[in-house]
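Note sheet for the following structure.
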Amino acid sequence: MDLKTFRSEKDQFFRSPDSPLQPVQRSSFTGLLYFPENSKLRFRLKLKENVAHDFVMMQTSTGSQRRYVRAGKIVFAVNGQATELSIFKDEHGYFLPFRDATGEMETYPAGRYLEPEVGPDGLLVVDFNQAYNPYCAYNEQYSCPVPPPENQIAARIEAGEKRFH
């Protein structure tokens, strides 16, 4: 699916009763805000699996914990800066929670998410243009995993969804 369709479908969902938005928020919802598409932040990467595949208990926004398995690491460059992130896995597939330097002003301060998939070539498709805010960014009733310290990076990932308000 192309990025324009992906974003349009997401906006449609956010207008629906199944949206994480409160009814009063939905009534005035005009669409989510995004960085412009950035092809330099779309990667096909080898998952470096030479890590301890241990269980990781991620803290959530409500103080509980969620269990993931550390699946591996990815290494890539953002504006010439080498960057490394851990990829986790649960029963739904791969999960990439991260917090980058845009969280100071432009994106959700607690971090954003991606759900990388394995492409037909066996490489992990990591498209930061599809980075999204967790539901707790819109509604405090949701419990969302907080990116662990190893996935809090100094680089600016200027792609994907911006802060809601």
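Among the trypsin sites (Lys or Arg not before Pro) in the range 44-133, those located in a DSSP loop and surrounded by at most 14 other Cβ atoms within 10 Å of their own Cβ are LYS46. If you take the alpha carbon atoms of the chain and fit the smallest convex hull around them, that volume is 123 Å³ per residue. Within the range 32-49, what residues put their amide N at less than 17 Å from the label point 7 Å along the Cα-to-Cβ vector of ASP121? Residues passing the 17 Å test: 39-48.
Kirkwood's formula applied to the C-alpha pairs of the range 6-57 gives a hydrodynamic radius of 14.8 angstrom.
Over the chain, DSSP H runs of length four or greater, each weighted -39,500 (n - 2.57), average out per residue to a 222 nm ellipticity of -3000 deg cm²/dmol. Dipole size of the chain about its Cα centre, with +1 on Lys/Arg Cβ and -1 on Asp/Glu Cβ: approximately 120 debye, rounded to the nearest 20. Can you tell which of SER19, SER86, SER27 shows the greatest fluctuation in a Gaussian network model of the chain with Cα springs below 10 Å? Of SER19, SER86, SER27, the Gaussian network model singles out SER27 as fluctuating most. Take every Cα pair under 8 Å whose residues are at least 6 apart in sequence, average their separation, divide by the length of the range 1-124, and the relative contact order is 16 percent. Compute the long axis of helix 3-15 from its Cα atoms, compare it with the longest principal axis of the Cα atoms of the chain, and write down the angle in degrees, 0 to 90, nearest 10. On a 0 to 90 degree scale, this one is about 50. Its alpha carbons considered, the range 1-91 gives a radius of gyration followed by a Dmax of 17.8, 48 Å. Each part gets one Cα centre, and for the range 142-158 versus the range 43-87 those centres are 10 Å apart.
Read the figures in this text as sums done on the coordinates, not as results from a lab. Keep in mind the model is a prediction, meaning the values are calculated, not measured. Note that we place each Cβ from the backbone using ideal geometry, even for glycine, and neighbour counts take in every protein chain shown.
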